[in-house]
Structure formats: C-alpha cells, structure tokens
Amino acid sequence: MNLDTFPCQNPSCPDFNKTGAGNINLYTRYGRKQVRLLICKTCGRTFSELKGTPFWDSRLDWDTIEKIYRSLLKGSGIRATAREFNLSKNTVKRYLRLANKDYQTVLNFLQERGVVSNGDSQLRELLNQFTSRRQASDRASMAAV
Ligand SMILES: [Zn+2]
C-alpha cells in the first residue's frame, strides 16, 4: 500500500486530507495482520491504515484475500473460487462487493502484491463482468413477476 494514498486525518493539520504531499510516514505495525500505524510528519498525529476502509476491516488474512482475487481475475467463477479455498460463496461475493465499494484500496493492494499489472483494466473488467451479470438476472427476475 503506497503511503501517498493516505491523507492526514487530523482536521487541524495543514496537510489534512491531502494525498501525495509526502507527509505520511510509517510509524509501526501491529496485530495479526501487521496493520500499519502511520504518522503525519506535519502534525505528529498517528492513525491506522485501517481507518475508514471496509476492505482492511475484513476477517481473512491477506494471503487468502489475494488468492480470492487472483482466482476471480483468472476467470474462475464465484462458486469455483469458493470451493477451491473452502469459503462460502457469500464470502467471495463480499470481496467482489468490497472491490466495488473500496475500489482504489483494493486496486492498490492487488498492484502491490503483483496480482494485476500497473493499469486497472483487469480489475475494472472483472467488476463489470459481475455487475452486468447481476443486472441481467435482476431484469430477468423482474420480468418474471
Ligand atoms: Zn497531519
């Protein structure tokens, strides 16, 4: 996760909510997932990279999350991915939804781990594929009423 993507979250800091200002440094890591605690050099306030992003709040470990996206990007469906890693289909769907909701965070994660190359076309394509499929089945079920 590139530190430039985190803004300072202290409203009274001159660099509040600015990204890429070079003010954010790694302070320490904590917990089972080695979540990063970041520090703003401008105001000295520390905060967790987890703050405000539903994606980082997830219960699975990073390696499993990476495998889920890898499998989906490879073209495996939700059911096949769930079966391969012994997860429920709902869990796999949850990560698809999170990628929609928290797009930039998920993209950064996948790029950092080398799952996708620099552009975001692979992830965008994956999401389009699942959104359009869902819309199609919504239309079908509406027509059936
Ligand atoms: Zn600050």
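The values are calculated or read from the model by the stated rules, or taken from the named source; none is laboratory data. All of these numbers come straight from a predicted model, not from anything done at the bench. Glycine gets a Cβ as well: all are built from the backbone with ideal geometry, and neighbour counts include every protein chain shown.
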Looking only at the stretch 49-95, and only at residues there that are at pLDDT 90 or above and in contact with a Leu (Cβ under 7 Å, 6 or more places away or on another chain), the one that is surrounded by the fewest Cβ atoms within 10 Å (Cβ to Cβ): LEU73
Any hit, the stretch 67-88, residues being over 19 Å from LEU123 (Cβ atoms), part of a loop (DSSP other than H, G, I, E, B) and out of contact with any helix residue (DSSP H, G or I) (no Cβ under 9 Å at 6 or more places or on another chain): yes
Test set (1) within 17 Å of the chain's Cα centre (by Cα); (2) of a type in the set (A, V, I, L, M); (3) outside any helix (DSSP H, G or I) - LEU96 fails condition number: (3)
Close pairs (6 angstrom Cβ cut-off, 6 or more residues apart or separate chains): without any contact (Cβ under 8 Å) to a residue 24 or more places away in the chain in the stretch 6-34, within 11 Å of the ligand (Cβ to nearest atom) and among the aromatic types (Phe, Trp, Tyr) anywhere: ILE24/PHE6
Pairs with Cβ under 9 Å, 6+ apart, first in the stretch 36-51 and in contact (Cβ under 8 Å) with a residue 40 or more places away in the chain, second among the charged types (D, E, K, R) and more than 7 Å from the ligand (Cβ to nearest atom): GLU49/ARG36
Hits in the stretch 121-141 (condition: buried (at least 17 other Cβ atoms within 10 Å of the Cβ) and modelled with pLDDT under 85): PHE130
The stretch 107-122 residues that are assigned by TED's automatic domain parsing to the domain that holds LEU96 and polar (S, T, N, Q), paired with ones that are assigned to a helix (DSSP H, G or I) and surrounded by 10 or more Cβ atoms within 10 Å (Cβ to Cβ) (beta carbon under 7 Å, 6 or more apart): ASN108/THR5; ASN118/GLN111; GLN122/LEU73
